[in-house]
Amino acid sequence: MIESKRVLVERVGMALTLFIGCVVLWGSVNSHYPIREWLLLRYGLYWLLTLVFTASIFSCGFAILRLVWNRPWTLLERCALSFPLGLLGYFFLAFFAGCLGLFGPVFFFGAPLLLAGAGLSTSRDFFRRAARHLAPLVRSGAFRPRWGSAGLHAAGLFALALFYFSILSPMNVGYDARWYHLPLAEQYSDAGRIFRFGEGWVMGSYPQLSSLVYAWAFQVPGFQLFDRIELCAHLEFALLVCRLFALPCLVRALVPARFRRGENAFPSWALIFLYPGILLYDSALGIGADHIAALFAAPILIVFFPFARDLSWRGAVLCAAFVSGVLLTKYTGL
């Protein structure tokens, strides 16, 4: 009894000591560099908003995929196809809301809620099935990586980290983003609507899916220009990460015989970094349209192969949706 009381007193004393130390450290640090101005808190908020936006896109995409062509896709294929479909759903929502003059804080909060609500039941069913399917595989050790695949994952994550570090400064914004991607988003958000450019600005007639994605970031209430640009950069980075889901599915579609023997195609997501062009100025992350247009490239082929076998109207609609996603983002992406 005495021993337990002594342990309790020691734990309470340690907790009080840690609390007092934190208060002293807080006061000392805050006097030199106010904690409310720490960039870490700002970047944490960018990540939170990016995750909310990404989750709502996935939710909407799951519902659209089930509605259009609910064939027996694998879990990874469902993720790879759902995200670009959900992004198309966001585009049409943003386009009609902009035409009706509904841009503003209400749209900023309302758009993710509408998109997430549209696919809530479908997303719940997907995660339940995924848990039932993956749980026995995890217990059996099927996901234990081999040395080769583990090295490939590590190299891919390192390259992905290099990409992320490049967007930490708003000075990384590319020329096209400064020229028209961000100006379009800023002007639409400032006016509260999508409007006609009376002076005949040619860039105002370009495909604008990427600008409407960035317009969501420009409608955050209380953000400074630094915050809006960085949120746009984090949205583009999230789109790049979600695009990687499609690469193993594309590999399986291109070489099906190899993977019928049970081989794992998942490590192939890192192969994108074998193409050095992705690190060059005009192809790197710079809040442009290139990586958003590329999001639709692999899904076109993933859907085309089963569509070519049965020529169903559902497959045709899905292929057309992904091709239209490219055209709505970037003419030269076609």
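A few points about this structure:
- The helices (runs of 4 or more DSSP H) falling completely within segment 80-192 that include 2 or more residues that are acidic (Asp, Glu) map to 182-191.
- Against the test of being modelled with pLDDT of 85 or more, farther than 30 Å from residue 301 by Cα and surrounded by fewer than 21 Cβ atoms within 10 Å (Cβ to Cβ), the options 67, 48, 75 yield a single qualifying residue, 48.
- Filter pass, residue 117 being of a type outside the set (S, T, N, Q), over 17 Å from the mean Cα position of the chain (by Cα) and open to solvent by 20 Å² or more (accessible area, probe 1.4 Å): yes
- Scoring residue 42 on the criteria (1) out of contact with any Leu (no Cβ under 8 Å at 6 or more places or on another chain); (2) open to solvent by less than 40 Å² (accessible area, probe 1.4 Å) leaves a single failure, condition (2).
- Among the criteria (1) open to solvent by less than 100 Å² (accessible area, probe 1.4 Å); (2) over 30 Å from residue 219 (Cβ atoms), the one residue 19 does not fulfil is (1).
- Residue check, residue 27 surrounded by 12 or more Cβ atoms within 10 Å (Cβ to Cβ) and without any contact (Cβ under 8 Å) to a residue 40 or more places away in the chain: no
- Top-ranked residue in segment 286-298 [being outside any helix (DSSP H, G or I) and of a type outside the set (Val, Ile, Thr); ranked as surrounded by the fewest Cβ atoms within 10 Å (Cβ to Cβ)]: 286
- Criterion (surrounded by fewer than 18 Cβ atoms within 10 Å (Cβ to Cβ), at pLDDT 90 or above and over 22 Å from residue 238 (Cα atoms)) met by exactly one of 191, 150: 191
- Scanning segment 226-248 for residues that are open to solvent by 20 Å² or more (accessible area, probe 1.4 Å), touching a residue at least 60 places away in the same chain (Cβ under 8 Å) and of a type in the set (A, V, I, L, M) gives a single hit, 241.
- Subset tally (residues that are of a type outside the set (Gly, Ala, Ser), open to solvent by 10 Å² or more (accessible area, probe 1.4 Å) and under 24 Å from residue 88 (Cα atoms)) for segment 198-218: 6
- Checklist (1) out of contact with any His (no Cβ under 7 Å at 6 or more places or on another chain); (2) modelled with pLDDT under 80 applied to residue 126, failing item: (2)
- Check on residue 223, without any contact (Cβ under 8 Å) to a residue 24 or more places away in the chain and buried (at least 18 other Cβ atoms within 10 Å of the Cβ): yes
Residues checked against (1) among the aliphatic types (A, V, I, L, M); (2) touching a strand residue (DSSP E or B) at 6+ places or on another chain (Cβ under 8 Å); (3) assigned to a helix (DSSP H, G or I); (4) buried (at least 17 other Cβ atoms within 10 Å of the Cβ):
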site: 267; (1), (2), (3), (4): no, no, yes, yes
site: 271; (1), (2), (3), (4): yes, no, yes, no
site: 284; (1), (2), (3), (4): yes, no, no, yes
site: 300; (1), (2), (3), (4): yes, no, yes, yes
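- Residue ID - surrounded by the fewest Cβ atoms within 10 Å (Cβ to Cβ), chosen from residues in segment 163-182 that are closer than 21 Å to residue 46 by Cβ and free of Cβ contacts under 8 Å to residues at least 60 places away in the same chain: 171
- Of everything listed in (1) aliphatic (A, V, I, L, M); (2) at pLDDT below 90; (3) surrounded by fewer than 16 Cβ atoms within 10 Å (Cβ to Cβ); (4) closer than 21 Å to residue 75 by Cα, the single unmet condition for residue 280 is (4).
The values are calculated or read from the model by the stated rules, or taken from the named source; none is laboratory data. From a predicted model like this one, the values you see are computed outputs, not experimental measurements. Cβ atoms come from the backbone with ideal geometry, glycine included; neighbour counts cover every protein chain shown. Quick note on the areas: whole protein, heavy atoms, side chains included, nothing else; ligands and nucleic acids left out. Shrake-Rupley method; radii C 1.70, N 1.55, O 1.52, S 1.80 Å.
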